[in-house]
1. Averaged per residue, what accessible surface does the chain expose to a 1.4 Å probe, in Å²?
2. Sequence gap at least 6, Cα distance under 8 Å: using those rules, report the relative contact order of region 104-164 to the nearest whole percent.
3. With a 1.4 Å probe and all protein chains in place, put E1, E71 in order of accessible area, largest first.
4. With contacts defined as alpha carbon pairs under 8 Å and 6 or more residues apart, what's the relative contact order of the chain in percent?
5. Could you give the nm distance between label points at T8 and F29, where each point is 7 Å from its Cα heading toward the beta carbon?
6. Leaving out ligands, DNA and RNA, and with a 1.4 Å probe, what % of the accessible surface on the chain is carbon or sulfur?
7. Figure the gain on full extension for D98 and F160 (residue separation times 0.36 nm, minus the Cα-Cα span) and round it to one decimal in nm.
8. Please report, in whole Å, how far the alpha carbons of region 1-56 spread along each principal axis, starting with the longest.
Amino acid sequence: EPFYTFDTPKDGSGNPESQRSAGLRDFTFDPNFATNGYIYAFYMTNSPRHNRVVRIQASAGNPNVAVPNSETTLMQLPFNNSQSSGSHNGGALIFGSDGKLYISTGDGWDGGDNVQSLSTYTGKIFRLNANGTIPTDNPIYKQASGNYSALYALGRRDQFSMSRNP
């Protein structure tokens, strides 16, 4: 039995999309997983096709499966261009030593000014509190608005992983 089934992109026959960067990007356990059972995931949704960061809760009775309907969306990350092919659609999650959730996004093969913009989601690192709220001490918090105030770093390439040195 799978832990959880994500609504990832499907081809015309309803099978999982087998090209580009579709599907589950990354997942990470909450630093307090032993007490709260939270797992965070970054994946491309099927409809509409864009990226999403969610929190899912493992069942207390059986931590090998998720609590039904426990997916909570923390952040929607739409493509800059609705016709995006999905190329360079990397993404990763990691909790920092500060207890914050860091989210990296690829440049969407649409580098240039978009990765430097304070109003696009591509080529960035975002920083959230574990509950999905935006920390007010993010470096770009006051210069950006809405979810863009979660920006932590910009001008990135196609990030498929992150790590930290404790």
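The values are calculated or read from the model by the stated rules, or taken from the named source; none is laboratory data. Quick caveat, the model's predicted, so the values are computed rather than measured. Please note: Cβ atoms are built from the backbone with ideal geometry, for glycine as well, and neighbour counts cover all protein chains shown. SASA here: full protein model, heavy atoms, side chains in, ligands and nucleic acids out. Shrake-Rupley method; radii C 1.70, N 1.55, O 1.52, S 1.80 Å.
1. On the way: 8780 Å² over 166 residues.
So the chain comes to 53 Å² accessible per residue, rounded to a whole number.
2. Values: 113 pairs, mean separation 24.7, N = 61.
Contact order relative to length: 40 percent.
3. Numbers: E1 185, E71 55 Å².
The residues order as E1, E71, largest area first.
4. Details: 378 pairs, mean separation 28.4, N = 166.
So the answer I get is 17 percent.
5. Placing both labels 7 Å beyond Cα along the Cβ direction yields 2.1 nm.
6. Carbon and sulfur atoms account for 45 percent of the accessible area of the chain.
7. On the way: separation 62, 0.36 × 62 = 22.32 nm, distance 2.16 nm.
Net length gain for the segment: 20.2 nm.
8. 41, 24, 16 Å, listed from the longest principal axis down.
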